[in-house]
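Dropping a structure here in structure tokens format, bear with me for questions.
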Amino acid sequence: MTSAIALTLAAGAAQAGGIERSNNDYGFLFTPNDRVQLSFSHVSPDVSGTYTPELSAAGGESKTGNMANSYTNYGFAYKNDFNEKLTFGLYINNPYGAASEYTQGIYSGLVADWDSDQVAVVGKYRVTDRVSVFAGARYVESNADITIPDLLVRSRVGTNAQGLGAQAQSLGAQAQELGAQAAAAGAAGDLARAQELGAQAQALGAEAQALGARAQSLGAAAQDFGTSMEYNATGKRVGDWGAILGVAYEIPDIALRVALSWQSEIEHTFSTSESIAGLGIDADDGDTKVKMPQSVALDFQTGVAPGTLVFGQVKWTEWSKWEVRTPEYENVTGVEVTGFEDDRVTWTLGVGRQFSEELSGFAQVKYEAQNGNTVSRLSPRDGFVSLGVGGQYKMDNMTLRGGIEYAWVGEAEDASGVKFEDNSALGVGVSLTVDF
């Protein structure tokens, strides 16, 4: 049973929503012996969509092509039992990431990269034979780059110009109404009221004129195809801290453990460089705040027969708080660069089986429900189902694990009506654990 407890290997084909790529396995703190673990995984997604007829005509292609690049993750974990009650844990990995690149059709040239590294330090204290608590801190560094092609930016700017024009007309109508009320109050001899209403009408009229001028300027730029409206932005690497808290209950005789863990949100403030040649934007001192989401995970495992373990997890992640809203882009388009509308709940259920003292195997299923809402072009998926299998071989003080995971990616539709269907991802991973 000891060998079966630590079987799960996150090959990484399907992670918990958003841009999450790996997470800290706090169950590692409960394994026997002092140990070091090295892990490696590679994921090859296949995510493509079909343009609407209008977008196909504008871009010359009916398909987006595969927009998700393959990526590789690494991980390091270290555990040391100071005594029977106190355990120290160290984790180093890549918690978040994105590698999107469109090469066909009207989205061609849309590229986004997000890279991150994490160091987490955790201490576990055994309160009783069955109850433990753990807590710590994690430090995450991230950087991001994005390019949005000319036509997509031009469309956003034009839409914003139309919206500003409509606001200007509405404010102008309100100013006229207040002016008429002011005139009526003056005719009735209420000079104070007339003066007050007149001042309000004048202020609204000035605001309407300013919005109208802004709308005309942006509208003209959107129609000027002589200069490029391509948008480029870079968020310089920044690091910030978050907290970790958890509690666990165990019955060692049947390998039962239920653990509840919480990771706080981490707020990055990127120093952002932005440029749009067609609008004369070339700024390098903007601040962009991005909240990496908090999460709560309930992990469980229990022996169901000698050498057989059932395990699983339910994890909630607050991805609705994550958005990238750069100052210059928002100023000219009125919207964020990208973001997620919904939180995500990811379910995992698996079984591990020890075949001999040296050899064990596992199988697991992951599930994330579809919400049916509009998705970001940079992460065009809505839920998934995945199947993972693997095993481990123990040699003296070393354990070698390997696994493979295949994910069926949920169908999704972005704000332009592009449909992403029949997509998948394949992940493979290996790890080596050394006890000492």
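The values are calculated or read from the model by the stated rules, or taken from the named source; none is laboratory data. Remember, predicted model here, so these are calculated numbers, not experimental data. Here the Cβ positions follow ideal geometry from the backbone for every residue, glycine too, while neighbour counts run over all protein chains shown. Heads up: the accessible areas ignore ligands, DNA and RNA and are worked out on the full protein's heavy atoms, side chains in. Shrake-Rupley method; radii C 1.70, N 1.55, O 1.52, S 1.80 Å.
Considering every residue within segment 98-118, establish whether at least one is modelled with pLDDT of 95 or more, of a type in the set (Val, Ile, Thr) and assigned to a strand (DSSP E or B).
yes
Yes/no matrix, rows are residues, columns are (1) in contact (Cβ under 8 Å) with a residue 24 or more places away in the chain; (2) buried (at least 17 other Cβ atoms within 10 Å of the Cβ); (3) in a strand (DSSP E or B):
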residue	(1), (2), (3)
Tyr125	yes, no, yes
Asn160	yes, yes, no
Ala173	no, no, no
Gln202	yes, no, no
Glu207	yes, no, no
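When the residues of segment 337-380 are filtered to those that are within 30 Å of Gln301 (Cα to Cα) and within 14 Å of the chain's Cα centre (by Cα), which remaining residue is least open to solvent (accessible area, probe 1.4 Å)? Full working, then the answer.
Residues of segment 337-380 within 30 Å of Gln301 (Cα to Cα): 342-371.
Subset that is within 14 Å of the chain's Cα centre (by Cα): 342-346.
Working: Asp342: 42, Asp343: 57, Arg344: 28, Val345: 57, Thr346: 9 Å².
Ranking the qualifying residues of segment 337-380, first place goes to Thr346.
Here is a list of conditions, (1) surrounded by 18 or more Cβ atoms within 10 Å (Cβ to Cβ); (2) closer than 20 Å to Arg138 by Cβ; (3) over 27 Å from the mean Cα position of the chain (by Cα), and Asn93 meets all of them except one; can you say which number that is?
(3)
(1) in contact (Cβ under 8 Å) with a residue 24 or more places away in the chain; (2) over 29 Å from Ala112 (Cβ atoms): which one isn't true of Leu197, the others all being true?
Of the numbered conditions (1) in contact (Cβ under 8 Å) with a residue 24 or more places away in the chain; (2) over 29 Å from Ala112 (Cβ atoms), the odd one out for Leu197 is (1).
Among the residues of segment 139-153, is there at least one that is modelled with pLDDT under 95, open to solvent by 60 Å² or more (accessible area, probe 1.4 Å) and within 30 Å of Thr326 (Cβ to Cβ)?
Checked against the condition, which is being modelled with pLDDT under 95, open to solvent by 60 Å² or more (accessible area, probe 1.4 Å) and within 30 Å of Thr326 (Cβ to Cβ), segment 139-153 yields at least one hit.
Among what's in segment 387-403 and is touching a residue at least 12 places away in the same chain (Cβ under 8 Å) and of a type in the set (D, E, K, R), pick the residue that is surrounded by the fewest Cβ atoms within 10 Å (Cβ to Cβ). Working first, answer last.
Keep residues of segment 387-403 that are touching a residue at least 12 places away in the same chain (Cβ under 8 Å), which gives 387-395, 397-403.
Restricting the remaining residues to those that are of a type in the set (D, E, K, R) gives 394, 401.
On the way: Lys394: 19, Arg401: 22.
The selected residue is Lys394.
Being under 23 Å from the mean Cα position of the chain (by Cα) and on the phi > 0 side of the Ramachandran plot is true for just one of Gly383, Gly429. Which residue is that?
Working: Gly429 fails: on the phi > 0 side of the Ramachandran plot.
Sole residue among the options that is under 23 Å from the mean Cα position of the chain (by Cα) and on the phi > 0 side of the Ramachandran plot: Gly383.
Also, I was wondering about something else. Say we look at segment 404-426 and pick out the residues that are among the aromatic types (Phe, Trp, Tyr) and within 20 Å of the chain's Cα centre (by Cα); which of these is surrounded by the most Cβ atoms within 10 Å (Cβ to Cβ)? So that I can check it myself, show each step before the final result.
Of segment 404-426, the ones among the aromatic types (Phe, Trp, Tyr) are 406, 408, 420.
Checking which are within 20 Å of the chain's Cα centre (by Cα) leaves us with 408, 420.
Numbers: Trp408: 16, Phe420: 22.
It comes out as Phe420.
Quick one: which of Glu250, Glu267 is of a type in the set (Asp, Glu), over 29 Å from Thr159 (Cβ atoms) and either without any contact (Cβ under 8 Å) to a residue 60 or more places away in the chain or in contact with a His (Cβ under 9 Å, 6 or more places away or on another chain) (or both)? Even if it seems obvious, please write down each step before you answer.
Details: Glu250 fails: either without any contact (Cβ under 8 Å) to a residue 60 or more places away in the chain or in contact with a His (Cβ under 9 Å, 6 or more places away or on another chain) (or both).
When all the criteria are applied, what remains is Glu267.
Out of all the residues in segment 30-71, which are assigned to a strand (DSSP E or B), within 24 Å of Ser376 (Cα to Cα) and open to solvent by 70 Å² or more (accessible area, probe 1.4 Å)?
First, the residues of segment 30-71 that are assigned to a strand (DSSP E or B): 35-46, 49-50, 63, 68, 71.
Pick out the ones that are also within 24 Å of Ser376 (Cα to Cα) and you get 42-46, 49-50, 63, 68, 71.
Answer for segment 30-71, where residues must be assigned to a strand (DSSP E or B), within 24 Å of Ser376 (Cα to Cα) and open to solvent by 70 Å² or more (accessible area, probe 1.4 Å): Asp46, Lys63.
Please give the strands (runs of 3 or more DSSP E) falling wholly within segment 217-303 in which 1 or more residues are modelled with pLDDT of 95 or more, open to solvent by less than 20 Å² (accessible area, probe 1.4 Å) and more than 28 Å from Ala112 (Cα to Cα). Write out each step before concluding.
On the way: elements: 231-251, 256-263, 266-276, 281-292.
Result: 231-251, 256-263.
Right, something else. Does at least one position in segment 327-336 carry a residue that is touching a strand residue (DSSP E or B) at 6+ places or on another chain (Cβ under 6 Å), more than 30 Å from Arg156 (Cβ to Cβ) and surrounded by fewer than 16 Cβ atoms within 10 Å (Cβ to Cβ)?
Within segment 327-336, not a single residue is touching a strand residue (DSSP E or B) at 6+ places or on another chain (Cβ under 6 Å), more than 30 Å from Arg156 (Cβ to Cβ) and surrounded by fewer than 16 Cβ atoms within 10 Å (Cβ to Cβ).
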